[in-house]
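Step one of this worksheet: look at the structure below.
The values are calculated or read from the model by the stated rules, or taken from the named source; none is laboratory data. Quantities reported herein were computed from a predicted structural model and do not represent experimental measurements. No Cβ is skipped: glycine too gets one built from the backbone with ideal geometry, and neighbour counts run over all protein chains shown. These area figures cover heavy atoms from the full protein model, side chains too; ligands, DNA and RNA do not enter into them. Shrake-Rupley method; radii C 1.70, N 1.55, O 1.52, S 1.80 Å.
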Amino acid sequence: METGPNPARNALAELLPPLTAQAAAVEADRCLYCYDAPCTHACPTHIDIPRFIRKIATGNLRGSAATIYASNLLGATCARVCPVQELCEGACVLGADHKPIAIGRLQRYAMDYAREHRAFPAVTAAPAGRSIAVIGAGPAGLSCAGELARRGHAATIFEKRPLPGGLSTYGIIGLREPQEIAIEEARMIEALGVKIRTGVEFGRDITLAQLQNEFDAVVLSVGLGRTPALGIAGEEAIVDGLEFIEESKTAPEKMRIGRDVIVIGAGNTAIDCATIARRLGGGRVTMVYRRTDREMTCYRHEYEFARGEGIEFRFLSQPQRVVFDGGRVAGLVCLRVELGAPDASGRPAPRTVPGSEFVLEADQIVKAVGQEKPALIAQLGLKTKKGFIAVDEEFRTSIEGVYAIGDCTRAAGAASTVMAVEDGKLAAAAIHKALCGTEAGYERQPSAAEVR
Ligand SMILES: Cc1cc2nc3c(=O)[nH]c(=O)nc-3n(C[C@H](O)[C@H](O)[C@H](O)COP(=O)(O)OP(=O)(O)OC[C@H]3O[C@@H](n4cnc5c(N)ncnc54)[C@H](O)[C@@H]3O)c2cc1C
Ligand code: SF4
């Protein structure tokens with residue numbers, strides 16, 4: 001990875017600086033250490049937040065990290081990417097009249113300490129004698145494999161990309177999480193005894209039958225696919241938003257950014273694409289959405305952030321076709337939209353107004369309109385729910401011995417890293433129970449040496 005001065009990388013470097021020791025101590029001291037803390041309830045992985053904060057306040061950073069790892073092996077990523085305003089910090093009792101505790105930044109403080117001092121979790125369980133194949137090294141797969149290793153199982157992850165980490169490595173904008181954090185976290189999971197075999201694609205290089213022969217269980221944590229097609233003329237000239245973000249993480253200095261950039265979409269990914277374009281020199285960056293700001297699927301704080309970045313918004317506009325001039329992208333033809341009664345998504349249905357065509361000038365167009373369902377659902381003939389892999393409460397799919405977790409199963413609710421991590425943790429417990437007939441399998445609390 002490149003080091004030294006690099007304006008493109010600097011423009012997309014992690015937005016929030018780490019807390020200083022003094023700032024962390026002051027912030028930790030503000031915590032009321034609530035009984036039955038609402039912040040812990042609001043965390044999908046139920047990290048004991050007052051406990052890890054109290055340990056920061058007493059200078060026990062090793063114990064603080066251990067408390068986080070007890071509930072969430074991917075605490076360093078979650079500290080950076082979690083929408084804390086919607087989760088723990090949104091639930092903090094101090095939020096009502098004062099500023100909520102900066103839980104995410106305190107968690108990052110403890111996780112940075114763990115990283116610098118290699119205060120990582122260790123496996124204490126005896127070998128349990130079972131082997132599990134996990135497909136996909138994203139947050140769900142890493143969490144599941146790590147939790148299985150903690151229970152003494154041999155877990156092997158098969159990952160098609162060259163690097164582990166899934167969207168944390170390739171999809172989450174560098175302003176929120178630098179790539180090296182996600183990769184180092186995956187290395188920590190490896191250090192628990194998990195094998196990560198990158199460059200191996202399930203369905204191409206290995207089959208389900210092979211894995212069923214070799215392993216006691218198979219876990220699918222393959223996430224979702226590429227950006228779906230818009231089905232408009234000239235689409236081949238539109239940049240895929242996921243590829244756009246990936247390039248911004250791997251080779252930002254090589255990116256070509258237009259002077260007049262349009263981003264189609266209104267979710268968090270679209271905001272990320274617009275932010276990248278703006279920060280890497282896009283003169284005017286406009287997000288185009290067929291509904292209004294009230295219906296946007298991005299978090300409100302992301303919308304406000306984008307406005308602060310100088311990103312413009314063009315609502316009630318439905319893209320129709322790309323305009324070319326001399327073979328180059330010159331604009332996007334849209335139709336004006338009116339909103340009708342709510343559709344299946346519960347949001348007002350957009351209706352295009354005939355004859356209302358207008359052109360938005362652009363020399364680059366990026367689409368960020370969600371992700372396709374993974375192709376292997378059809379290949380394996382898996383039962384689905386709303387197009388996602390259907391699982392029961394123990395994460396079992398319709399195929400015996402095959403489990404599924406993370407985004408590929410997220411038929412309801414917004415997909416997020418922390419939910420994928422929780423899926424992995426719960427699935428590991430369910431698999432352990434199914435294979436060994438016992439509930440626990442490892443000591444979840446930090447050791448006495450770690451707690452003061
Ligand atoms: C652009 C973007 C930004 C996001 N930002 C945030 C954020 O800031 N905060 C947040 O909480 N959430 C965010 N999310 C959502 C979050 O990244 C996902 O919910 C999370 O990564 C899901 O984890 P996962 O392990 O299920 O899937 P993924 O992270 O997608 O990982 C799946 C892995 O499986 C691998 N794989 C797929 N098919 C195969 C195969 N056939 N063989 C082998 N390997 C395979 C993939 O290469 C990948 O590594 C964002 C999502 C996107 C798209
Ligand atoms: S709700 Fe706020 S004050 Fe109470 S324990 Fe959680 S972070 Fe501390």
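Among the residues examined, ILE172 does not qualify as surrounded by fewer than 17 Cβ atoms within 10 Å (Cβ to Cβ) and within 9 Å of ligand 1 (Cβ to nearest atom). When the range 183-208 is limited to residues that are touching a strand residue (DSSP E or B) at 6+ places or on another chain (Cβ under 7 Å) and assigned to a loop (DSSP other than H, G, I, E, B), the one that is nearest to LEU376 (Cα to Cα) turns out to be VAL200.
Cβ separations smaller than 8 Å between residues 6+ apart or across chains give the following pairs from the range 419-431 residues that are of a type in the set (Lys, Arg) to residues that are not in a helix (DSSP H, G or I): LYS425/THR45; LYS425/ASN72; LYS425/LEU73.
Which count do you get for residues in the range 267-281 that are farther than 18 Å from SER416 by Cβ and open to solvent by less than 20 Å² (accessible area, probe 1.4 Å)? Break it down into steps so the answer makes sense when it comes.
To start, the set of residues in the range 267-281 that are farther than 18 Å from SER416 by Cβ comprises 273-281.
From what is left, the residues that are open to solvent by less than 20 Å² (accessible area, probe 1.4 Å) are 273-277.
The number of residues fulfilling the criteria is 5.
For the range 261-313, residues that are over 20 Å from VAL333 (Cβ atoms) and in a strand (DSSP E or B) total 0. Could you give me the residue pairs with C-beta distances under 6 Å whose first residue belongs to the range 67-88 and is farther than 16 Å from PRO18 by Cβ and within 10 Å of ligand 1 (Cβ to nearest atom), whose second residue is of a type in the set (Ser, Thr, Tyr) and assigned to a loop (DSSP other than H, G, I, E, B) wherever it lies, and which are 6+ apart or on separate chains? Close Cβ pairs satisfying both conditions: PRO83/TYR299. Considering (1) more than 21 Å from ILE196 (Cα to Cα); (2) at pLDDT 95 or above, the lone condition that ILE157 does not fulfil carries the number (1). Across the range 36-66, the number of residues qualifying as of a type in the set (Gly, Ala, Ser) and either within 12 Å of ligand 1 (Cβ to nearest atom) or in contact with a Cys (Cβ under 6 Å, 6 or more places away or on another chain) (or both) comes to 1. Output yes when any residue across the range 381-404 is assigned to a loop (DSSP other than H, G, I, E, B), of a type outside the set (A, V, I, L, M) and in contact with a Pro (Cβ under 8 Å, 6 or more places away or on another chain), and no when none is. Checked against the condition, which is being assigned to a loop (DSSP other than H, G, I, E, B), of a type outside the set (A, V, I, L, M) and in contact with a Pro (Cβ under 8 Å, 6 or more places away or on another chain), the range 381-404 yields no hits at all. Please work out if CYS298 is within 12 Å of ligand 1 (Cβ to nearest atom), within 16 Å of LEU12 (Cα to Cα) and crowded, with 20+ Cβ neighbours inside 10 Å. Taking the combined requirement at face value, the residue does not satisfy it.
Any residue that is assigned to a strand (DSSP E or B) and more than 17 Å from VAL26 (Cα to Cα) - is there at least one of those in the range 114-131?
Quick first cut of the range 114-131, residues assigned to a strand (DSSP E or B) only: 131.
After this cut, where a residue has to be more than 17 Å from VAL26 (Cα to Cα) as well, the list is 131.
Taking every residue of the range 114-131 in turn, at least one turns out to be assigned to a strand (DSSP E or B) and more than 17 Å from VAL26 (Cα to Cα).
Could you list, in sequence order, all residues of the range 328-350 that are over 13 Å from THR292 (Cβ atoms) and at pLDDT 95 or above? Matches in the range 328-350: ARG328, VAL329, ALA330, GLY331, LEU332, VAL333, CYS334, LEU335. Can we say PRO252 is in contact (Cβ under 8 Å) with a residue 12 or more places away in the chain, out of contact with any helix residue (DSSP H, G or I) (no Cβ under 8 Å at 6 or more places or on another chain) and away from ligand 2 (no atom under 16 Å from the Cβ)? It is false that PRO252 is in contact (Cβ under 8 Å) with a residue 12 or more places away in the chain, out of contact with any helix residue (DSSP H, G or I) (no Cβ under 8 Å at 6 or more places or on another chain) and away from ligand 2 (no atom under 16 Å from the Cβ). Checking GLU247, GLU214, GLU185 one by one, the residue that is more than 10 Å from ligand 1 (Cβ to nearest atom), farther than 28 Å from VAL323 by Cα and open to solvent by 60 Å² or more (accessible area, probe 1.4 Å) is GLU214 and no other.
When both residues are 6+ apart or on different chains and their Cβ atoms are under 9 Å apart, which pairs have a first residue that lies in the range 345-363 and is part of a loop (DSSP other than H, G, I, E, B), and a second that is of a type in the set (Asp, Glu)? Between residues of the range 345-363 that are part of a loop (DSSP other than H, G, I, E, B) and residues that are of a type in the set (Asp, Glu), the close pairs are SER345/GLU295; ARG347/GLU295; VAL353/GLU338; ALA362/ASP260; ASP363/ASP260. Taking first residues from the range 161-190 that are of a type in the set (D, E, K, R) and at pLDDT 95 or above and partners that are within 16 Å of ligand 2 (Cβ to nearest atom) and open to solvent by less than 60 Å² (accessible area, probe 1.4 Å), the Cβ contacts under 9 Å between residues at least 6 apart in sequence or on separate chains come to GLU185/GLY75.
If a residue counts only when it is within 14 Å of ligand 2 (Cβ to nearest atom), which helices (runs of 4 or more DSSP H) contained entirely in the range 33-88 have at least 3 such residues? Step through it out loud before you land on a result.
On the way: elements: 38-42, 49-57, 61-71, 75-81.
Qualifying helices (runs of 4 or more DSSP H): 38-42, 49-57, 61-71.
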